[in-house]
Each structure stands twice: as C-alpha cells, then as structure tokens.
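Data first, discussion second: the structure below is written as structure tokens.
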C-alpha cells in the first residue's frame, strides 16, 4: 500500500471511490419482482413461525402440569421456567434458521422469502437473533406503526429491517446477486 498521495491510498482501494460503501444489492426500481407481495407473505410467515414456536412451549406446559399432578404439586414450581425458556427458544430458533443455509425461518421458506443484508450477503446467527429481538421490541412499543413503515418504502422493509440493514426478498424470483465485496490489502 502506497501512501504517496498524502495518506489517502485507502480511498483508491476501497469498494468504491465514495468512501468504501458498496451499493445496495436490491433495487426496487430495477427488480420490483423481488419485493412484490413481500409484506403479505411476511405476515403469513410470521404466523407459521409463531405456530412452530408455540408447539414446544405448549408441550412443556402440559408436561409440567402433569408432572405437578404426579408430584402432588411440587412439579408446578417449574412453571417459572416457561417464560425464560420460551425467550431462549425463540432467539435460538430465529438465529439458527436465519443463520442457516436458506437464510430464512421455516415460515419464511414456506412463503418463499429470505433475509439478506442490504449489500446482498446471507444472514448469520447473531443477525437472526438480533433481528427477532428487535422485531419484538419494536412491535411491543410501536405496535401498528411499525408495520406501516413497510408500506412507505420501496423495499418493503419494516423498522427493525432498516435499523439492522436487512432486506426480505422474494426467493422464488431467481436473480443474479453478486456476493458481498471484500476489500483487499
């Protein structure tokens, strides 16, 4: 690396000459089919994932209830574990599924959706976990308003998508997405 131009050699070796920021991988004006019906599909994907998340929790509650009957009420003390275990289960579920090879939860896969970063890379575990946590936080505080954000932008991103820099796209549309650029040194 040469610093002959006043120490600004990093600018010529960046992704682009405008500060190293790669362009958005998904442009709604050039690829509108990627965003067609995404919000409706997201609602149904959420309901499917909510069902998948709730089944093990319901089974655990039934087990604790029966266990409490068998132990004459002592087993019911385990009910305090249901809430924290449900939260951990949801975080692991979203993190593992979004961080998996399909970059989508089972509900998203059923609805032909996948999560990508704004520059085109697939999701990863931490991104999936934070995506879920941020969704639940924003929906708790801004309930209907957070969903209106998706109607006001071309990429149909919700508030937590904008904060995290993610995009949900229609995976049934096969487009050529360039992999994320890497700076070489």
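The values are calculated or read from the model by the stated rules, or taken from the named source; none is laboratory data. Treat the numbers as computed from the prediction; the structure is a model and nothing was measured. Backbone-built Cβ (ideal geometry, glycine too); neighbour counts: all protein chains shown.
If you go through segment 124-146, how many residues are under 23 Å from residue 173 (Cβ atoms) and either in contact (Cβ under 8 Å) with a residue 60 or more places away in the chain or part of a helix (DSSP H, G or I) (or both)?
Residues in segment 124-146 being under 23 Å from residue 173 (Cβ atoms) and either in contact (Cβ under 8 Å) with a residue 60 or more places away in the chain or part of a helix (DSSP H, G or I) (or both): 3 in total.
Scan segment 42-52 and tell me whether some residue there is in contact (Cβ under 8 Å) with a residue 12 or more places away in the chain, under 22 Å from the mean Cα position of the chain (by Cα) and more than 14 Å from residue 110 (Cβ to Cβ).
no
Please give the number of the condition residue 1 fails out of (1) more than 24 Å from residue 113 (Cα to Cα); (2) modelled with pLDDT of 90 or more.
(2)
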